[in-house]
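The structure appears below as structure tokens.
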Amino acid sequence: MDTNRTILIAGGGIGGLTLGVALRRAGFSVRIFERAAALRPAGAGITMQTNAILAFRTIGLDSAVAAAGHVMQRGAILDWRGHTLGTMLVSEMAQELGAPMIAIHRARLQEVLQEALGPEPLTLGIKVVGFREEAEGVCARLSDGTEVRGELLVGADGLRSTVRAQLLNDGEPRYAGYTSWRGVCEVPGLADASSTAETWGQGLRFGIVPLGQGRTYWFATANLPAGGIDAPDAHGELLSRFSGWHEPIRALIENTPAAAIVRTDIHDRPPVQRWARGRVALLGDAAHPMTPNMGQGGGQAVEDAVVLARCLATEKELPAALSRYEALRVPRANGFVSQSRRLGQIGQWENAVACWARDRLFQLVPERGMRANLRRVLTFTSI
Ligand SMILES: Cc1cc2nc3c(=O)[nH]c(=O)nc-3n(C[C@H](O)[C@H](O)[C@H](O)COP(=O)(O)OP(=O)(O)OC[C@H]3O[C@@H](n4cnc5c(N)ncnc54)[C@H](O)[C@@H]3O)c2cc1C
């Protein structure tokens, strides 16, 4: 495609910023509109798994992301007493595939992406409110009443995407039945700074992810109706839910200021096969929001971004570029939506007998099967 044409992006999250960097590096002109007045991601960590780092490598960003984060060596699933139910061979697989798995504070990741993008393409405090196709391009309508024109509009505007609403008109996301809490804190002397762990209980889970330099990211889930709030603060609620669970769960909750604990209801959407029509395309959570059970939502947004930029750079015509983007990305990302949903349903089981059987079965999964699944998840093949 003619790289002199401008690509418009709604949303400056992980997906929108990565797409901006990838397109600029391919020679395109880019304009990103972000509704927030300042990019302040949730005070939480995120894992950028090997596939995301391999995708970042295609645009020269892997080293910067890895340097700003913390390498994860091992992953384990535990029961509430802290007994191991299963382990993941993270470092072995990272070595085999040639890129590490990284845990990073969301604010640091955002900084790395923004620095790589440069200041010019990003406009903060402006929302994309709609679009109109024209003979020569697409016109995006903005919240300040102005309009901008480009060759293509990409909706990278997250779970409740405005661009998706106009493009697909498929209603609200679906609630998964559980909510989450996230925090980052320092706990002196935390034993193993290179292992992540997720502890499974009855309708409850707790995850621990070291971020390096003494900081730890944690998350918790519980089966609750959507739209709840913690009153008067999250500490009491979390301490009573996870009372008696293995350390350092209590210490992590207590050491996180209540005001810094982020609560998010978990949603996804049933997968769809079309993410693009005419001069409008979707990417990341706008295209395929998934529950966080596989830690892949952000990684899939990064994969989308580098693949879409490559399709636009290598195909002569826009329709061919967008069809190729869909063909390359829809099956893989949609697969994660379904797999994450199933995993979350099992992880949130409440029945004591079912949970007991689940935990025993976990211990019986053959290593070869685990390894093959992990290899498939973590492999990113660039085009
Ligand atoms: C509890 C939890 C844990 C998670 N853990 C992980 C993990 O470990 N690893 C992982 O890979 N993923 C994880 N995820 C998923 C990950 O956070 C998302 O998949 C990822 O942030 C999606 O990126 P995105 O850029 O598509 O959307 P978002 O990050 O949602 O960004 C969208 C941006 O668009 C802006 N916006 C919205 N509407 C408009 C508009 N109309 N105009 C302009 N701007 C707009 C928003 O302000 C936002 O900045 C987790 C999610 C949750 C909830």
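Throughout, read-outs are computed from the coordinates displayed, never taken from laboratory work. Because the structure is predicted, anything quoted here is derived from the model rather than measured. We place every Cβ from the backbone using ideal geometry, glycine too, and count neighbours over all the protein chains shown.
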Which part of the range 2-44 falls in the paramagnetic zone of E317, meaning amide N under 14 Å from the point 7 Å along Cα-to-beta-carbon?
-> 2
Grab the Cα-Cα distance for D265 and V71, subtract it from 0.36 nm times how many residues apart they are, and report the gain in nm with one decimal.
-> 67.0 nm
Structure-based [θ]222 nm, the chain - -39500 (n - 2.57) summed over DSSP H runs of at least 4, per residue, nearest 500 = -11500 deg cm²/dmol
Between L85 and residues 5 or more places away or on another chain, which pairs have amide H atoms under 5 Å apart, with H built 1.01 Å from N, and which residues are they?
-> I77, L78, D79
Would you please give the residues with an amide H less than 5 Å from that of D268, counting only those at least 5 places away or on a separate chain, with H modeled from the backbone geometry?
-> R174, A176
Ordered by residue, what ³J(HN,Hα) values in Hz, to whole numbers, does the range 34-39 give under the Karplus form 6.51 cos²θ - 1.76 cosθ + 1.60, where θ = phi - 60° and Gly and Pro are x?
-> 10, 5, 6, 6, 9, 7
Residue by residue through the range 7-23, the couplings from Karplus 6.51 cos²θ - 1.76 cosθ + 1.60 with θ = phi - 60°, in Hz, x for Gly and Pro, are 9, 9, 10, 8, x, x, x, 4, x, x, 5, 5, 4, x, 5, 4, 5
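Going through the range 1-100, which GluC sites (Glu not before Pro) have at most 13 other Cβ atoms within 10 Å and a DSSP loop state? Please list the in-between numbers first.
Numbers: sites: E34, E92, E96; in loops: none.
Loop-located and lightly packed - none at all.
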Which one of R149, R40, R279 has the biggest mean-square fluctuation once the chain is modelled by GNM with Cα springs under 10 Å?
-> R40
Which of the GluC sites (Glu not before Pro) found in the range 314-351 are loop residues per DSSP with 16 or fewer other Cβ atoms within 10 Å of their Cβ?
-> E315, E317, E350
Each residue of the range 291-301 in turn: what ³J(HN,Hα) in whole Hz from Karplus with 6.51, -1.76, 1.60 and θ = phi - 60°, glycine and Pro shown as x?
-> 5, x, 5, 9, x, 10, x, x, x, 6, 5
So who's got an amide H within less than 5 Å of the one on V30, skipping anything under 5 residues away but keeping other chains? H placed 1.01 Å off N, in plane.
-> I7
0 to 90° range, to nearest 10: angle between helix 318-347 axis and the chain longest Cα axis | 20 degrees
Trypsin sites (Lys or Arg not before Pro) within the range 312-354: DSSP coil, no more than 12 neighbouring Cβ in 10 Å | K316
